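Okay, so here's the structure we're looking at.
The values are calculated or read from the model by the stated rules, or taken from the named source; none is laboratory data. Remember, it's a predicted structure, so these values are computed and weren't measured experimentally. Neighbour counts are summed over all protein chains in view; Cβ atoms, including those assigned to glycine, are modelled from backbone coordinates with ideal geometry.
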């Protein structure tokens, strides 16, 4: 029986008032149950059996599903939601980073310096000091110097990636080992920031990162699996039941498969396999072999990732008009438009969802042009493609998501006026273009599928922080006040839909997950409060207390006392 027909049969059984043949495994009562099902609406009780939702309705109606072994969870007014979907995240590399020189929590240049100094003394036997997560605005022009890093790590090479992953900070020893000096030219799609005499200044952008990064000791299988384990634990605490690994190679895909086979994979994992544009359309065959060798169960390597441009802050995003602080320069596309169109066609015809990183308005337009060519060929019957980040738009391109059926994957946590925006982005775009940064509402109003993601470890994995920002367009720590670009604020219901049903649509699983609907997988989370009953500035203070994936409990603070929610059998 297909997922859709099974859902229909269960709904008919519930409507007919049939007595269940056996009791449910878990029943939820006494809370604010927001189903995200526009047809069924809210419910008073939910029952789960064998990994599926078997009842949504009244508390009196659920009584027939309760048996001696049923766990009855009294929510006591808390909130039950479908599990969150993160449609753009880097679990393995983010998890590895947690065990290295992790700078993600540094809130100033001084904190970065103190953390790197501590990392340099932590394990002197390591040949490199490596890690990352520093914020570009902590340094003038987003470019930390080799001299500063030399003072912190004088005895070994050091390589630290920026939080956005598009720059690297290296010391003089690392440059010497790599043979990178004033005679080395910038690689294609990359840039070496330089001192007045042409010598590398210590910051490498995009492909230039590889000039030094190629010397780093390679990660082993155990590193990948440990990184994934750390990320899985975090996802459970944040209520994430499905994620899209945004960029994986064969070794990373093997780590997902190994965790699945060991029974320790606790997030449904859509894996985007990294595309090497140099292979052209032939890349589809090589990725299809990887997909077919590892697909199954919770591991779904059904997407292919293309980095089409860089980031505005590093002047590597592809723009339609010049950077205001660099006249005559538009940034660069990482893939020629003709080559991109051929790659998209080959991937689409091989059944891959194409997952494109596009930041600048020229990159967004180029991606749409490639998708439109394929849409014109096949009428849009192929996989549902995804464009992620989508920071800067020409307004004329906004309707193209809906027209072409492309999913808009925003990272809502970035949509407020932080130092990236004030110190690096707006000065490089000017106020007129900056009006069209992260236009979530404008895209929603076209009828497009809008999904959401974190891009962790670039920013927090916690969906609740991003949900608050989408509603307020303010920092989660700012409290009440004027919104940044208020025309693009969205409602709480809209952004919750993006994190649930929108994510399910991005995964082509809207018939199986994304809402609390009879017949769908029991992907459920419990929050410590009803988000609709609090001021929006308090959303990020909320906590996930319980996470269930396909009926399997993967995080439970209900029975450990976290949040004090009653959980009893009766």
Legend entry - Residue list for region 272-290, restricted to those being crowded, with 16+ Cβ neighbours inside 10 Å and either outside the structural domain of residue 339 (by TED's automatic domain parsing) or not in a helix (DSSP H, G or I) (or both): 272, 273, 274, 275
Legend entry - Cβ pairs under 9 Å, 6+ apart, first in region 428-440 and at pLDDT below 95, second crowded, with 22+ Cβ neighbours inside 10 Å: none
Inset, instruction - Could you run through region 25-46 and say how many residues are in contact (Cβ under 8 Å) with a residue 40 or more places away in the chain and in a strand (DSSP E or B)? - result: 10
Inset, instruction - Consider residue 372 carefully, then state whether it is out of contact with any strand residue (DSSP E or B) (no Cβ under 6 Å at 6 or more places or on another chain) and either in a loop (DSSP other than H, G, I, E, B) or within 20 Å of residue 504 (Cα to Cα) (or both). - result: no
Inset, instruction - Among residues belonging to region 484-498 that are in contact (Cβ under 8 Å) with a residue 60 or more places away in the chain and touching a helix residue (DSSP H, G or I) at 6+ places or on another chain (Cβ under 6 Å), point out the one that is farthest from residue 83 (Cα to Cα). - result: 488
Inset, instruction - Scan region 48-89 for residues that are farther than 14 Å from residue 25 by Cα and over 31 Å from the mean Cα position of the chain (by Cα) and jot them down. - result: 57, 58, 59, 60, 61, 74, 76
Inset, instruction - Please go through region 175-199 and pick out each residue that is under 26 Å from residue 357 (Cβ atoms), surrounded by 20 or more Cβ atoms within 10 Å (Cβ to Cβ) and over 31 Å from the mean Cα position of the chain (by Cα). - result: 178
Inset, instruction - Starting from region 444-457, take each residue that is closer than 27 Å to residue 91 by Cα and list its partners that are in a loop (DSSP other than H, G, I, E, B) and modelled with pLDDT under 95, counting only C-beta distances under 7 angstrom and pairs at least six apart or across chains. - result: 457/104
Legend entry - Qualifying helices (runs of 4 or more DSSP H) (wholly inside region 415-458; at least 3 residues being surrounded by fewer than 20 Cβ atoms within 10 Å (Cβ to Cβ) and either in the same structural domain as residue 234 (by TED's automatic domain parsing) or under 16 Å from the mean Cα position of the chain (by Cα) (or both)): 431-434
